[in-house]
Amino acid sequence: MNIIMKVILAIYNFFVGDIVILIGVTATMLILALINKVDGLEPLRDGMGAILIVGVLATLVLSEARGIATSERSASIR
Amino acid sequence: MLDAMQWAIFTAAFLAAGVEWVEAFTLVLAASVSTNRRSAIVGALLALAVLALLIVTLGVALVTLVPLEVLRFVIGFLLLLFGLKWLKDAIQRYTGLKRKRDEEAVFLSNVDTAPARPSPEESIDSFGVLLAFKGVLLEGLEGAFVAISFAGGGMGALAAASLGVASAAVVVVTVGTFVQAPLRRIPENTLKFVVGILLTAYGTFWAGESYGIEWPLADLALVLLGLGYLFASAILITTIRNRTTEVVTEPVP
């Protein structure tokens, strides 16, 4: 692995270390950006706070679910 | 005198940095035992100087040069990533999916990899300096990031966070000097859980503000967000524990 990849991986592991969290938070922020910018989604703007909270909680739940699935897979192999 | 918001920021930074300083202390202690105290202290002080410089220069630069909306968006995003990482790991340790950190084991493994004999007390041993420097720098980076991230709240918030980080260092060093052993009794996972909740709440709050969300009850919304995430995390922990118990007690067909 070259030095640039190692640096990117180090930064990734420092800030997040979990691809589900990275994708979940990024997706939530993108959805909010769309709601903020697209005129057709204006009715949803009042609920942006709730959407953000739901997005964060969903990310946490999915990340933990992945952890459980990995743990159960390791247990069944043993 | 700090206002309520700044006290909350001070507390978050104090707890986040405190956990990391405990881990750094273990490595400094290992360096001290395996070489000598002088080398360990030199390494630790060098790392602290680097961290202080980082917080001051980067933090002040962010507050003064970056527009507030951009800063809150980026900081909010990073705090959400960082906070969820801490929260996820703490929940996994509570539920047994991940092993808790054992400061004693870390201390012993670092002493084992050290040179065969300690160096004379008056000399500066490069191994000891490097071990202490690396430990304090790497562990302290997370605390430094938390302090810098509160630049999203302005100069007052940055100052409160920096004070929290520095206070935590003073407390850990003071306790550690008396104990003279790895600090095993600190409830590290509980602190990481609380910090995860706080950082996720702040990340949500500032990310939301960067999109123009007007949180009801203004700054009090932070408390409500924290309590909400705490409640959700408690449910998650209970659910995971019940599920992992079911997996263990299921009869083999």
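Things worth noting here:
- Shape analysis of region A:19-77 based on the Cα gyration tensor places the equivalent ellipsoid semi-axes at 32, 10, 7 Å, largest first.
- Cα Rg over Rh - region B:4-248, Kirkwood: 1.02
- Available extension along the chain between B:Leu227 and B:Val50 is 60.2 nm, counting 0.36 nm per residue and deducting the alpha carbon span.
- Pairwise FRET efficiency - A:Ala58 versus A:Met5, Cβ, R0 = 51 Å, nearest 0.05: 0.95
- Relative contact order computed over region A:19-77 (Cα-Cα under 8 Å; 6+ residues apart), in percent: 42 percent
- Shielding of B:81-92 by partner chains, average beta-carbon count, 10 Å: 6
- Averaging the Cα positions of each part gives two centres, and for region A:1-69 and region B:32-64 these lie 32 Å apart.
- Note on B:Leu2/A:Arg73: beta-carbon distance plugged into 1/(1 + (r/R0)^6) with R0 of 45 Å gives a FRET efficiency of 0.40.
- Averaged over peptide A:58-67, the number of partner chain Cβ atoms lying within 10 Å of each residue's Cβ comes to 5.
- Förster radius 51 Å - calculated FRET efficiency between B:Thr11 and B:Arg37, Cβ distance, rounded to 0.05: 0.95
- Whole-Hz ³J(HN,Hα) from phi, Karplus 6.51 cos²θ - 1.76 cosθ + 1.60, for region B:136-153, glycine and proline x: 5, 5, 5, 5, x, 4, 5, x, 5, 4, 4, 4, 4, 5, 6, 4, x, x
- Measuring against 29 Å, Cα to Cα, the residue pairs A:Lys37/B:Lys192; A:Lys6/A:Lys37; A:Lys37/B:Lys88; A:Lys6/B:Lys85 contain A:Lys37/B:Lys192; A:Lys6/A:Lys37; A:Lys37/B:Lys88 as the ones spanning a longer distance.
- Cα-centre dipole for chain A with unit charges at Cβ (Lys and Arg positive, Asp and Glu negative), debye to 20: 360 debye
- Computed packing ranks the peptides B:226-234, B:8-16, B:148-156 as B:8-16, B:148-156, B:226-234, most packed first, by mean other Cβ atoms within 10 Å.
- Simple label model, 7 Å out from Cα along Cβ direction - B:Phe178 to B:Leu58, nm: 3.3 nm
- Normalised by the number of residues in region B:4-248, the mean separation of alpha-carbon contacts (under 8 Å, six or more apart) gives a relative contact order of 40 percent.
- Listed peptides A:37-45, B:22-30, B:171-179, B:54-62 by packing density, highest first (mean Cβ within 10 Å): B:22-30, B:54-62, B:171-179, A:37-45
- Region B:176-239 - Kirkwood radius from inverse mean 1/r over Cα pairs (Å): 13.8 Å
- The label point for A:Leu41 and the one for B:Thr239, both projected 7 Å from the Cα toward the Cβ, are 2.5 nm apart.
- The three principal axes of the Cα atoms in region B:125-176 give end-to-end lengths of 42, 21, 12 Å, sorted in falling order.
Read the figures in this text as sums done on the coordinates, not as results from a lab. Fair warning: this is a prediction, and the values are worked out from it, not measured in the lab. When we count neighbours, we look across all protein chains shown, and the Cβ atoms used for this are built from the backbone with ideal geometry, even at glycine.
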